[in-house]
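The values are calculated or read from the model by the stated rules, or taken from the named source; none is laboratory data. Note that the structure is a prediction, hence the values are computed from the model and not measured. FYI the Cβ positions are ideal-geometry reconstructions off the backbone, even for glycines, and counts take in every protein chain you see.
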Amino acid sequence: MNQAILRSLAPEGHLRAAINLSNFLLVPRVMPDGTPTGTSPDVATRIARALDVECKFVCFERPGFIADAVDFDQWDIGNIADEPARAAVMDFTNPYALIDAHFLVRDDSRLRRYQDVDKDKNTVAVLERSAYDLWLTDNLKHATIRRVSSMGEALELFRKGAVTVLAGLKPSLMEEVDRNPIYRIVEPRFTAIRQAVGIKKGNPEALQFLNNIVSELISTGFIKDSLERHGMLGKLSVPVF
């Protein structure tokens, strides 16, 4: 083990892995003792094993909070989506999982594609500082974005008709369509969320080390097996490099 990489990624003798609890696809369950379970914690544990150190989870309620803490020495790796706004303060590995993000509309809506949604008359409810919020902030030019603190709040606004469009991850939107056939998912996706491992900027050797691990976890089938074990296979896709 390269000691410089070890000191960089585990300066306290263990790996502090920041886990985003709001991503139910990668962290579907938290044990009674507070331990998160899912593919994101599985990836962190394998990185710690490669470093031959213990993995300690540092849980955050929102992904933006992980990025906010980058300069406060609260974590060593952060398992969140790679987005340009976050890449300004963090370096990211290649993605280990992809999640499609879509719009949800009423079935009788005339909105059939992304270009239809991006009109002045439309308001899109979105979970504040989620990866797709960051993408929509950069790409929506005409529609209004209404940011809320939870997907439950966003869904309630959509159901009441307070917004014309709901943005979200496809698996959760599919569940809503199953419950309410009066809704429809706009195809194709407007973006794919790139779930990755982030570190503080400026350490290319550590980043390459992590990229090698991510590539190995994908090529050996570890990511696929983890998704299947946690009941998420088919709800996310595994990248092909």
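Within the group Arg16, Arg7, which residue is outside the structural domain of Glu153 (by TED's automatic domain parsing), under 17 Å from Ala206 (Cα atoms), among the basic types (Lys, Arg) and free of Cβ contacts under 8 Å to residues at least 60 places away in the same chain? Even if it seems obvious, please write down each step before you answer.
Numbers: Arg16 fails: free of Cβ contacts under 8 Å to residues at least 60 places away in the same chain.
Being outside the structural domain of Glu153 (by TED's automatic domain parsing), under 17 Å from Ala206 (Cα atoms), among the basic types (Lys, Arg) and free of Cβ contacts under 8 Å to residues at least 60 places away in the same chain holds for just one of Arg16, Arg7, which is Arg7.
With respect to (1) in a loop (DSSP other than H, G, I, E, B); (2) at pLDDT 95 or above; (3) within 18 Å of the chain's Cα centre (by Cα), the lone exception for Ala154 is condition (1).
Does Asp71 meet the test of being at positive phi and either surrounded by fewer than 17 Cβ atoms within 10 Å (Cβ to Cβ) or at pLDDT below 95 (or both)? Against the criterion (at positive phi and either surrounded by fewer than 17 Cβ atoms within 10 Å (Cβ to Cβ) or at pLDDT below 95 (or both)), Asp71 does not qualify.
Taking the criterion of being surrounded by fewer than 20 Cβ atoms within 10 Å (Cβ to Cβ) and among the small types (Gly, Ala, Ser), the only residue of region 193-210 that qualifies is Gly202.
Condition check for Lys56 on (1) over 28 Å from Val240 (Cβ atoms); (2) basic (Lys, Arg); (3) at pLDDT below 95: one failure, at (3).
If you check Ile182, Ile213 for being hydrophobic (A, V, I, L, M, F, W, C), more than 14 Å from Asp100 (Cβ to Cβ) and loosely packed, with under 12 Cβ neighbours inside 10 Å, only one passes: Ile182. Residue pairs whose Cβ atoms lie under 8 Å apart, separated by 6 or more positions or on different chains, with the first residue in region 190-206 and within 30 Å of Leu111 (Cα to Cα) and the second buried (at least 20 other Cβ atoms within 10 Å of the Cβ) and among the aromatic types (Phe, Trp, Tyr), are Phe190/Phe103; Phe190/Tyr132; Phe190/Trp135; Thr191/Tyr132; Thr191/Trp135; Ile193/Tyr132; Arg194/Phe92; Gln195/Tyr96.
Would you please name the residue that is nearest to Val165 (Cα to Cα), looking only at residues in region 117-140 that are β-branched (Val, Ile, Thr) and surrounded by 22 or more Cβ atoms within 10 Å (Cβ to Cβ)? Walk me through it before giving the result.
Taking region 117-140 first, the residues β-branched (Val, Ile, Thr) are 117, 123-124, 126, 137.
Adding the requirement that they be surrounded by 22 or more Cβ atoms within 10 Å (Cβ to Cβ) leaves 117, 124, 126.
Working: Val117: 8, Val124: 5, Val126: 9 Å.
Top of the filtered list is Val124.
Within region 80-96, one or more residues are assigned to a helix (DSSP H, G or I), in contact with a strand residue (DSSP E or B) (Cβ under 8 Å, 6 or more places away or on another chain) and surrounded by 15 or more Cβ atoms within 10 Å (Cβ to Cβ).
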